[in-house]
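One structure is given below, encoded as structure tokens.
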Amino acid sequence: MKLKLLKCDWGMEHLGDPVARFRAYAAAGYDGVEASFVALDPPEMKALLRDCGLDHVAMVFARNEQEFLEQLPRVRKLAPLLVNCHAGRDHFTFERGLSFLNSIMEIARNELDCEIVFETHRQTLLYAPWTTSRYLDAIPDLRLTADFSHYTCVSETDMHALNHAVPDPSREDRPMVERRSDPELERFMDAAIAASRHIHARVGWSHGPQVADPTTGPGLEWTRIFEGWWDRIIEASIDRGDEVLTINPEFGPPPYAPADPATGRAFTDAWDTCLWMARRFRERWRGRVEQAPANSWSLQTGPLGYPPDPA
């Protein structure tokens, strides 16, 4: 199996126009780009991707069937490797959500030459692990983009155990907090991992969708928790005999990124953080999966500097 690391186009506008951005991604050693709305006509974008040697995952934001249909012609012209969809709304009834997903999947089967995956994301149908599990039970061929940062944020847990407040007889003004395992959370994760075909490798935590710094301290502890899930997705992909698995280290700018309230600047640079995570995947899986040449990440550091080596 081949592991393909993609650069998210989100938050990279400071690098210049699409031509400058895509060339920067290629120079940094990425295999492709994941993007939604790019200010290029489909023929221009396809030519640019080809010239840069980049694959493409198309993002679609569809609150309803009509929005999906409106974006479909452009997506078809781009001929992406994969389509990643933000699907529906979190307030849909379960029946409305089933109708939406089944409709979109039927359209995709008839109109697309690639697989469609649905992102686990807040505000969408798949905003929480328990809602995702219900849809997976009802639609066995539903396939996911694993953005588990939303799960940890929505559930306020590491998906292994819950902090449970109980009365403390010795302290009337403060409850005693116990950490209690929750097998249901792990069951939800098992189902999501089995259905995942694309990874958004951003590290969240129990109170936010993006840690301040995934390379050190508490952020690195959360990185290792997430790597446990991502590794299982990669291993399952290998076991199935998949040809390709795509991974997007999707760290974004403020307000997603925690920032200094005085300056509004993120505590870490999104370019460096994405590149650090991509390099970490390369190093951790070197020799076990097919990937870019070994020197592509050590020699091509991209336009904004060089992050620390993976720990």
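Just so it is clear, none of the values below were taken in a lab; they were calculated from the coordinates. Note that the coordinates shown come from a computational prediction; the quantities given were computed from them, not determined experimentally. Using ideal geometry, Cβ is built from the backbone for each residue, glycine included, and neighbour counts are taken over all protein chains shown.
The table below gives the values:
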read-out: Per-residue ³J(HN,Hα) for the range 58-71, Karplus 6.51 cos²θ - 1.76 cosθ + 1.60, θ = phi - 60°, Hz, x for Gly and Pro; value: 8, 9, 10, 10, 10, 6, 8, 4, 4, 5, 5, 5, 5, 8
read-out: Cα lying deepest toward the dipole's positive end in the range 2-299, options LEU15, HIS200, PHE251, charges on Cβ; value: LEU15
read-out: In nm, spacing of pseudo-spin labels at ARG76 and ASP242 (7 Å Cα→C-beta vector); value: 2.7 nm
read-out: Spin-label proximity, LYS46 to the range 10-34 - amide N less than 16 Å from point 7 Å beyond Cα toward beta carbon; value: none
read-out: Residue of GLU243, GLU178, GLU186 that the Gaussian network model of the chain assigns the largest fluctuation, springs spanning Cα pairs under 10 Å; value: GLU178
read-out: Relative contact order for the chain, counting Cα pairs under 8 Å that sit 6 or more residues apart, in percent; value: 19 percent
read-out: The range 136-145 - phi-based ³J(HN,Hα) in whole Hz, Karplus 6.51/-1.76/1.60, Gly and Pro as x; value: 5, 5, 7, 10, x, 8, 5, 10, 10, 9
read-out: Calculated from backbone phi, Karplus (6.51, -1.76, 1.60) coupling profile of the range 236-248 in Hz, x at Gly/Pro; value: 5, 5, 5, 5, 6, x, 4, 6, 9, 10, 9, 9, 10
read-out: Residue-span extension gain [CYS114 to LEU220] - 0.36 nm each, minus C-alpha spacing; value: 34.7 nm
read-out: Mean projected area (nm²) of the alpha-carbon convex hull when the chain is viewed from all directions; value: 18.1 nm²
read-out: Residue among ALA39, ALA24, ALA270 with the largest mean-square fluctuation in a Gaussian network model of the chain, springs linking Cα atoms under 10 Å; value: ALA39
read-out: Nonlocal amide H pairs with PHE118, under 5 Å, H built at 1.01 Å; value: CYS85, ARG143, LEU144, THR145
read-out: Cut-off under 5 Å, modelled amide H: who pairs with VAL244 long-range; value: LYS2
